[in-house]
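Trainee: Quick one: structure below, then a few questions.
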Amino acid sequence: MISLAGGLPSPDLFPVKELKKASDEVFDNDGKTALQYGMAAGYDKLREQVAQMTRDRGVDCTADNVAITTGSEQSLDLVGKLLINPGDTVLVEEPTYLCTLDILRTYGANLVGIQMDEHGMRMDLLKKALKEHPETKLIYTIPNFQNPTGHTIPNARREEMEKLAIANGVVILEDDPYNRVRYSGKAQFPVKHFDNTGNVIYLSSFSKFLVPGLRLGWMVADPSFMKKLIPMKQSTDLHSDNLSQYIASRYLAENDVTKHVKQICDLYHKRAETMMKELDENLPEGSTHSNPEGGMFLWVKAPETVNTVDLFKECIKHHVAFVPGAPFYSNKVKQGTFRLNFSNADSATIKKGIDRLCDAMKEYMKKNEVKAE
Ligand SMILES: Cc1ncc(COP(=O)(O)O)c(C=O)c1O
């Protein structure tokens with residue numbers, strides 16, 4: 001079975017040796033503090049380092065605006081818990097990260113999907129939705145290499161999103177775990193860069209550019225949010241793993257992170273190119289794929305008469321797996337869609353996997369008399 005389904009970063013580039021060295025040094029030098037309880041907002045030194053990384057991306061912030069979390073997943077949950085009451089409207093990209101949809105549903109949000117084009121969330125439709133839903137509390141966006149589509153929002157649209165949010169008194173939740181994994185095109189500013197009023201809560205993570213197993217992410221927000229989010233974090237788990245925080249901090253201090261990130265980008269670029277070339281040559285007529293500038297995913301659109309859950313079953317018979325599109329939709333599912341991951345298989349495996357996928361698609365379409373749209 002070749003799985004192009006999961007969302008795992010490539011372990012080939014996990015800096016195991018460097019993390020072991022950092023870990024040994026933490027035990028040798030800071031063992032007693034690293035193994036003690038810590039602060040809810042996180043290890044001070046790591047908060048400083050994160051604040052510096054965030055300033056480097058054009059966001060005006062200090063360590064006081066930073067809280068370390070147990071991955072972006074926890075940040076999403078904390079923001080949901082803080083801001084969403086049953087019935088509150090949240091505008092989300094359609095499709096979007098399925099775990100966020102689950103979190104928002106858990107807190108009783110009324111989810112309204114905003115369609116995207118190849119440059120992410122459409123601002124004309126956002127404007128319309130804000131008019132139709134004046135009660136909107138939150139806009140949720142993944143501006144870089146979106147999960148699941150791979151789309152990236154350009155600066156001008158980011159600025160417009162922020163202007164619309166301000167004009168309508170809405171908070172933006174910017175979920176940005178993939179930003180460093182850019183292998184082509186030009187880096188865009190975070191939406192938070194355009195924030196002069198403190199209405200953007202920015203999230204990122206160590207999972208995609210370092211390792212996910214340390215379970216470390218962070219939030220950057222205005223003090224008005226921080227004074228509620230930090231006690232909430234404390235009542236959830238007191239603080240994120242202190243040892244992990246010390247190790248990550250030492251790793252950042254002692255290693256050339258830019259060089260490490262470039263290796264990840266080069267590898268993912270190669271894998272993405274292999275996948276896209278293979279799709280271009282073999283996808284059945286009427287099917288298209290997105291063209292991401294980074295991240296780990298691309299999105300395939302087959303004709304809408306293709307039921308991708310049934311197609312998935314056909315693919316399993318061909319020993320290849322993907323994630324059907326349906327769970328990524330907040331409301332009305334667009335049929336015929338699915339997500340492919342290119343970070344966690346080598347080029348030869350990707351090539352074989354896409355060949356199997358395209359064979360299965362052709363067989364499914366023939367059997368079900370699917371016509372290209
Ligand atoms: C858009 C998005 N947000 C958040 C997460 C969670 O990441 P973390 O490992 O930091 O909890 C993921 C993980 O795949 C993701 O794709």
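Trainee: List pairs: first residue in the stretch 21-33 and among the small types (Gly, Ala, Ser), second residue surrounded by 13 or more Cβ atoms within 10 Å (Cβ to Cβ) anywhere in the structure, Cβ distance under 7 angstrom, at least six positions apart or on different chains.
Mentor: So the pair list comes out as Ala22/Ile247; Ala22/Arg250; Ala22/Tyr251; Ser23/Ile247.
Trainee: Quick check on my filter: what residues within the stretch 229-253 are out of contact with any Phe, Trp or Tyr (no Cβ under 7 Å at 6 or more places or on another chain) and open to solvent by 50 Å² or more (accessible area, probe 1.4 Å)?
Mentor: Pro231, Gln234, Ser235, Thr236, Asp237, Asp241, Arg250, Ala253
Trainee: Another question, if that's okay. For the stretch 34-54, give me the residue count where each residue is open to solvent by 70 Å² or more (accessible area, probe 1.4 Å) and either in contact (Cβ under 8 Å) with a residue 12 or more places away in the chain or in contact with a Pro (Cβ under 7 Å, 6 or more places away or on another chain) (or both).
Mentor: Qualifying residue count, the stretch 34-54: 7.
Trainee: Looking at the stretch 66-125, which of the residues that are closer than 17 Å to Pro148 by Cα, charged (D, E, K, R) and outside any loop (DSSP other than H, G, I, E, B) is nearest to the ligand (Cβ to nearest atom)?
Mentor: Glu73
Trainee: Let me ask something else about it. Tally the residues that are within 7 Å of the ligand (Cβ to nearest atom) and surrounded by 24 or more Cβ atoms within 10 Å (Cβ to Cβ), restricting the search to the stretch 207-222.
Mentor: 1
Trainee: Continuing with this model, one more query. In the stretch 135-187, which residues are in a strand (DSSP E or B), free of Cβ contacts under 8 Å to residues at least 60 places away in the same chain and closer than 14 Å to Ser72 by Cβ?
Mentor: Scanning the stretch 135-187 gives Tyr140, Thr141, Glu174.
Trainee: Examine the stretch 240-257 for a residue that is in contact with a Pro (Cβ under 9 Å, 6 or more places away or on another chain) and more than 15 Å from the ligand (Cβ to nearest atom), and state whether such a residue exists. Walk me through it before giving the result.
Mentor: In the first step, residues of the stretch 240-257 are kept if they are in contact with a Pro (Cβ under 9 Å, 6 or more places away or on another chain); the result is 251, 255.
Then drop every residue that is not more than 15 Å from the ligand (Cβ to nearest atom), which leaves 251, 255.
Checked the stretch 240-257: at least one residue is in contact with a Pro (Cβ under 9 Å, 6 or more places away or on another chain) and more than 15 Å from the ligand (Cβ to nearest atom).
Trainee: Any chance you could count how many residues in the stretch 1-39 are in a strand (DSSP E or B) and of a type in the set (Val, Ile, Thr)? So that I can check it myself, show each step before the final result.
Mentor: So the first thing to find is which residues in the stretch 1-39 are in a strand (DSSP E or B), and the list is 2-3.
From the residues that got through so far, the ones that are of a type in the set (Val, Ile, Thr) too are 2.
So the count comes out to 1.
Trainee: Okay, next question. Going through Asp102, Asp24, Asp28, Asp44 one at a time, which residue ends up being assigned by TED's automatic domain parsing to the domain that holds Phe145 and either in contact with a Gly (Cβ under 8 Å, 6 or more places away or on another chain) or within 30 Å of Val170 (Cβ to Cβ) (or both)?
Mentor: Asp102
Trainee: Taking the residues in the stretch 188-206 that are in a helix (DSSP H, G or I) and open to solvent by 30 Å² or more (accessible area, probe 1.4 Å) as candidates, determine which candidate is nearest to Ser343 (Cα to Cα).
Mentor: Of everything passing the filter in the stretch 188-206, His193 is nearest to Ser343 (Cα to Cα).
Trainee: Also, I was wondering about something else. Under 22 Å from the mean Cα position of the chain (by Cα) and either in a helix (DSSP H, G or I) or surrounded by fewer than 23 Cβ atoms within 10 Å (Cβ to Cβ) (or both) - does that describe any residue in the stretch 303-321?
Mentor: Here is the first cut: in the stretch 303-321, the ones under 22 Å from the mean Cα position of the chain (by Cα) are 321.
Subset that is either in a helix (DSSP H, G or I) or surrounded by fewer than 23 Cβ atoms within 10 Å (Cβ to Cβ) (or both): 321.
Yes, the stretch 303-321 has at least one match.
Trainee: Scan the stretch 273-295 and give yes if some residue there is under 22 Å from Pro15 (Cα atoms) and either buried (at least 19 other Cβ atoms within 10 Å of the Cβ) or of a type in the set (Gly, Ala, Ser) (or both), otherwise no.
Mentor: Yes, that holds for at least one residue.
Trainee: Quick check on this structure: which one of Asp256, Asp266 is open to solvent by 70 Å² or more (accessible area, probe 1.4 Å) and free of Cβ contacts under 8 Å to residues at least 40 places away in the same chain?
Mentor: Only one candidate qualifies: Asp256.
Trainee: Evaluate the stretch 287-299: report whether one residue or more is within 30 Å of Ser23 (Cβ to Cβ) and touching a Gly at 6+ places or on another chain (Cβ under 7 Å).
Mentor: Kept after step one, since they are within 30 Å of Ser23 (Cβ to Cβ), are these residues of the stretch 287-299: 294-296.
Filter once more, so that each one left must be touching a Gly at 6+ places or on another chain (Cβ under 7 Å): 295-296.
Within the stretch 287-299, one or more residues are within 30 Å of Ser23 (Cβ to Cβ) and touching a Gly at 6+ places or on another chain (Cβ under 7 Å).
The values are calculated or read from the model by the stated rules, or taken from the named source; none is laboratory data. Values in this document were obtained by computation on a predicted structure and should not be read as measured data. A quick note on method: Cβ atoms are made from the backbone with ideal geometry, for glycine too, and the neighbour counts reach across all protein chains shown. The accessibility values were calculated without ligands, DNA or RNA, using every heavy atom of the protein model including side chains. Shrake-Rupley method; radii C 1.70, N 1.55, O 1.52, S 1.80 Å.
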